[in-house]
Amino acid sequence: DCAVASLPNSTMPDGISCGTFSMEMPLQGIEDYCKRQSVTICSYLQSALAETLCRFTREAHPMFVTVSNGRAASNALQHTMGMFVKTVPVVRTTESGTVSDAVKSIHRQLLQTYENDYYPLTAMVEKWHIAPQILFAYQGGLYDGASEIANAKFIPLALDTTKMPMEVITYPHDGNLCIHITYDGQRYSHQDMATFAQAYAQVAMSMAEGQ
């Protein structure tokens, strides 16, 4: 069982179609933890997000969605240029145990989900009548000079609407981790997102100190 994670609507939303909030937090502790535990930073950050959503929504098993490169369906796609990105669900499943238990649970879940990402999210939405509200993505390598494409120039897009009510994008930048949130300003306020991002950063840093 799981519940689609969604933050309560603000009593004083911004009143705009698309708002943004960004902040940075230290990355070194998270990197060290992930190396010790043999998990990816992406898995770790999604585990931290699940724990944060658990506190904000009071749901034991909150569900959000993330993205996969969509190339697991065929080995031929590993060296094919194209847009194969898929949207896949993530669910917090652990309620007790150590930080390591929670992080590795999400890590194992993601590995299994990525292997089956050819199954469309639209089919899940139709079958179980779910409407994802929060999207997470980790853009490791795009903003820290480690791009796979030599001399590539990244041009950010100016969006006037959100794909989902809340999108949490994280990426390394100058030794820190940037948390960038795009949100529906008709439902939420800038202060809501600041509060959430700060709580998320605190959870992520605290977990890195655990075992």
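The values are calculated or read from the model by the stated rules, or taken from the named source; none is laboratory data. Everything quoted here is computed from the prediction, not taken from an experiment. We place every Cβ from the backbone using ideal geometry, glycine too, and count neighbours over all the protein chains shown. To get the accessible areas, we keep the full protein, side chains included, count just its heavy atoms, and leave off ligands, DNA and RNA. Shrake-Rupley method; radii C 1.70, N 1.55, O 1.52, S 1.80 Å.
Descriptive notes on the structure:
- Within region 20-58, the set of residues being under 27 Å from GLN186 (Cα atoms) and in contact with an Asp or Glu (Cβ under 8 Å, 6 or more places away or on another chain) comprises just one member, LEU53.
- Of the residues screened, VAL88 is one that is touching a Ser or Thr at 6+ places or on another chain (Cβ under 8 Å), open to solvent by less than 30 Å² (accessible area, probe 1.4 Å) and either modelled with pLDDT of 95 or more or farther than 20 Å from ALA201 by Cα (or both).
- Number of the exception - THR11 against (1) farther than 12 Å from TYR183 by Cα; (2) in contact (Cβ under 8 Å) with a residue 40 or more places away in the chain; (3) outside any helix (DSSP H, G or I): (2)
- Tabulated pairs, region 26-44, first among the acidic types (Asp, Glu), second assigned to a helix (DSSP H, G or I) and surrounded by 15 or more Cβ atoms within 10 Å (Cβ to Cβ), C-beta under 7 angstrom, 6+ apart or interchain: GLU31/ILE41
- Of all residues making up region 108-138, the number that are within 26 Å of TYR171 (Cβ to Cβ) and part of a helix (DSSP H, G or I): 9
- In region 26-44, the condition of being surrounded by fewer than 20 Cβ atoms within 10 Å (Cβ to Cβ), of a type in the set (D, E, K, R) and not in a helix (DSSP H, G or I) is met by no residue.
- Candidates in region 94-136 are the residues that are of a type in the set (Gly, Ala, Ser) and over 28 Å from CYS34 (Cα atoms); of these, the one that is modelled with the highest pLDDT is ALA131.
- Checking each residue in region 172-206 for being surrounded by fewer than 18 Cβ atoms within 10 Å (Cβ to Cβ), small (Gly, Ala, Ser) and either assigned to a strand (DSSP E or B) or in contact (Cβ under 8 Å) with a residue 24 or more places away in the chain (or both) picks out GLY175, ALA194, ALA199.
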